[in-house]
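Only the coordinates and a few stated rules stand behind these numbers; no lab work does. From a predicted model like this one, the values you see are computed outputs, not experimental measurements. Glycine gets a Cβ as well: all are built from the backbone with ideal geometry, and neighbour counts include every protein chain shown.
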Amino acid sequence: MTFPQPALDAADKFPIAFGDNVPYAGSLGIAWAPGRVNLIGEHTDYNDGFVLPIAVDRVAALAGRRRNDSIIRLWSMQFEEYAQFSVEELPQSFEHELRNLPNWARYVLGVAAELASASLPLSGCDAVLSGDVPLGGGMSSSAALEVATVQFFAWLSQGRFTIGAENSTMKPMKVAALCQRAEHIASGLRSGILDQAASCLGQPKKAVLIDCRSLEYRYLPFDESDLSLVVLDTSIRRELANSGYNERRRQCEEAVALLRELIVTQESEGKGQQITSLRDITQEQFDIYKHDLPEVLRRRAGYIIAENARVLQVADLLETGNIEAIGPILWKGHAGLRDEYEVSSKELDALVDIAHSVPGVLGGRMMGGGFGGCTINLVRNEAIEALRQAVEQQYPERTGYQASIEVCHAAGGPGSANLDG
Ligand code: GLA
C-alpha cells in the first residue's frame, strides 16, 4: 500500500521533533484524512439540505507514538510550532486547555474532548502534524485534521475502538458528526456536516450526495477522464467564525420561523406540514409567501431553496453521465451566492469571471463558507493551461493579489497504518 506523502513526511520528522530518548509505549503509526471540494450545495448543510462533495487527493496527516501518560505533545510542520495538553480531565478541562493552545492544535483538542465525552479510550501521545490541504483555503483543512485525529486515536487505542463500515465502533457518519462537534467547540463556527462527512466518505472517482437531514448518502460516478477539478485560491483568508457565517445561519432560522407561521396560518393543509428547516418549503410555497418576508431573509431563503434543487439536478446529471450540462448550474450557483446569499467577495467574483471567459471551463463558483478562500471549476483537461495563464495575467490586475491553482482528483477517505514492523 502506498501512503500519502504528508503522512510519510510527518513520520520522517518524528524523531527530529521529539528526540529518541522518550520511553514510548508503542510503535510508530500514521493516520490521514482528505480535504474536499464541493461540486454544489453551499450553505445547504446546516439547512438540513443536500450537498455533493468530492474528497480530493490532499490530506491532513499525523505520525506519532503512544505515551505512558496522559500528555499529548504535538509538532506542526506547517506552523513550525509545538503545542501540548493533557487528556486526563477531558472533557471537563476543555476550556482550560483550549486557552493555552494555538488555533491549529485546538482541533486536535476538540476531537479528544468529544472522544472523551463519548467515553471512547484516549491515551497520551507525541505526534507530528503535516498536510497538503491549503490551510484555511476552503478545502476543509480543519475537517481533514479532525478526521485524521479520530483515525489516529483509533489507531492508538489498539483496537479498543475501530472505525469502518461494518462491525466497528464508529461508522463514517458517526465520525463525521463527532468531528463536526469538535469543530464547533474548537473554533466557535456553527458549521454544518459537509466538510467532515466529505472527508470521511471519500472514494476515488466518486462524488457523494449527502442528505444532511437523514445523514443518508449515495455515491455517484465522477468520470475524470477528460475533466479536472481545478481549485483557484484567492489567497484571501477570512476567519469564518468572525465573518457572516453564523449570521447567515441565524437568518435562515429566522426565515424558517416566519415562513412556518405564514404557511400554518394561511394554508389548511399547512397545519399538518412539519416545517423545521428551509428544506421543508417547496419552491411553489416560497413563491407565494416570499413577499411577506423582510427583504434580506427573502434573498437568503430563496438562495437555499434554489440551491437544494441545483444539487439534485447535478446529481441526476452525474448519474446519467451528462457532465457537460453541470457547468451552467455551477455558474448559476455562484450568482446566487454572490447576489442573494451575499457570501462572495470581489476577489472570488474576479476568479469566477476570469474562468468564465476561458473556453473549456465548463463551470465554476465560489466554494465553502465564502468571504475569501477559493473557487471550484470543472475544466476540460486541455483548457487547464489557458485557465492558469488567464488567472496569472488578469487576477493581479483586477485585485492586487496573486492567486494559486490546484488541480485535484477524487480520492479515497481516511486511513491509518503501523509503520514499525
Ligand atoms: C463551511 C462549513 C460547512 C458548510 C460550508 C458552506 O465549509 O464548514 O459546514 O456550511 O462552509 O457550504
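Just a few scattered comments:
- Working value for region 184-319: equivalent-ellipsoid semi-axes of 31, 21, 15 Å, each the square root of 5 times a Cα gyration tensor eigenvalue, largest first.
- Model label points for residue 205 and residue 407, set 7 angstrom from Cα along the Cα-to-Cβ axis, are 1.9 nm apart.
- Principal semi-axes of the equivalent ellipsoid, √(5λ) from the alpha carbon gyration tensor of region 269-421, are 32, 23, 17 Å from largest down.
- Net charge over other residues, Cβ less than 15 angstrom from the Cβ of residue 68 (K, R count +1; D, E count -1): +1
- Gain in span if fully extended, residue 88 to residue 22, counting 0.36 nm per residue against the direct Cα distance: 21.8 nm
- Computed packing ranks the peptides 42-50, 87-95 as 42-50, 87-95, most packed first, by mean other Cβ atoms within 10 Å.
- Crossing angle, helix 245-266 versus the chain [Cα axis fit, 0-90 degrees, rounded to tens]: 40 degrees
- The helix-based estimate of mean residue ellipticity at 222 nm for the chain, built from -39,500 (n - 2.57) per DSSP H run of four or more residues and divided by its residue count, is -13000 deg cm²/dmol to the nearest 500.
- HN-Hα J in Hz across region 143-154 - Karplus 6.51, -1.76, 1.60, θ = phi - 60°, x for Gly and Pro: 5, 4, 5, 4, 5, 4, 5, 4, 4, 5, 5, 5
- Protection proxy ranking, peptides 178-188, 399-409, average beta carbon neighbours within 10 Å, highest first: 178-188, 399-409
- Across region 291-381, the mean sequence separation of Cα contacts (distance under 8 Å, 6 or more residues apart), normalised by length, yields a relative contact order of 24 percent.
- When you count the other C-beta atoms within 10 angstrom of each residue and take the mean per peptide, 246-257, 321-332 line up highest first as 246-257, 321-332.
- Here the Karplus curve 6.51 cos²θ - 1.76 cosθ + 1.60, taken at θ = phi - 60°, turns the phi angles of region 157-166 into couplings of 6, 6, x, 6, 9, 10, 10, x, 7, 10 Hz, with x standing for Gly and Pro.
- Across the options 141, 158, 192, the greatest Cα extent toward the positive end of the charge dipole of region 126-285 (unit charges at beta carbon of Lys, Arg, Asp, Glu) belongs to 158.
- Here residue 346 and residue 158 are evaluated by their C-beta separation; at R0 = 41 Å the FRET efficiency comes out at 0.20.
- Taking a sphere under 12 Å around the Cβ of residue 367 and counting the other residues whose Cβ falls inside, with K and R at +1 and D and E at -1, yields a net charge of -2.
- Loop-located GluC sites (Glu not before Pro) in region 357-396, at most 16 other Cβ atoms within 10 Å (DSSP): none
- Length-normalised contact order for the chain - Cα pairs under 8 Å, 6+ apart - percent: 23 percent
- For region 339-353, putting each phi into the Karplus relation 6.51 cos²θ - 1.76 cosθ + 1.60 with θ = phi - 60° gives couplings of 9, 9, 7, 6, 10, 8, 8, 4, 5, 4, 4, 4, 5, 5, 4 Hz, in residue order, rounded to whole numbers and with x for Gly and Pro.
- Count of Lys pairs (Cα-Cα under 28 Å; at least 8 positions apart or interchain) in the chain: 9
- Residue-normalised convex hull volume from the C-alpha trace of the chain: 154 Å³ per residue.
- Summarising the label geometry, the points placed 7 Å from Cα in the beta-carbon direction at residue 166 and residue 213 lie 3.1 nm from one another.
- Relative to the longest principal axis of the Cα atoms of the chain, helix 172-187 runs at roughly 90 degrees.
- Formal net charge of residues neighbouring residue 251 (Cβ-Cβ distance under 13 Å; K, R +1; D, E -1): +1
- Relative contact order of region 55-194, taken over Cα pairs closer than 8 Å and 6 or more residues apart, is 29 percent.
- Annotation for residue 382 and residue 190: the two label points, set 7 Å from Cα along the Cα-Cβ direction, are 5.0 nm apart.
- Crossing angle, helix 384-399 versus the chain [Cα axis fit, 0-90 degrees, rounded to tens]: 80 degrees
- Taken about its Cα centre, the chain carries a charge dipole of roughly 520 debye when the Cβ of each Lys and Arg holds +1 and the Cβ of each Asp and Glu holds -1.
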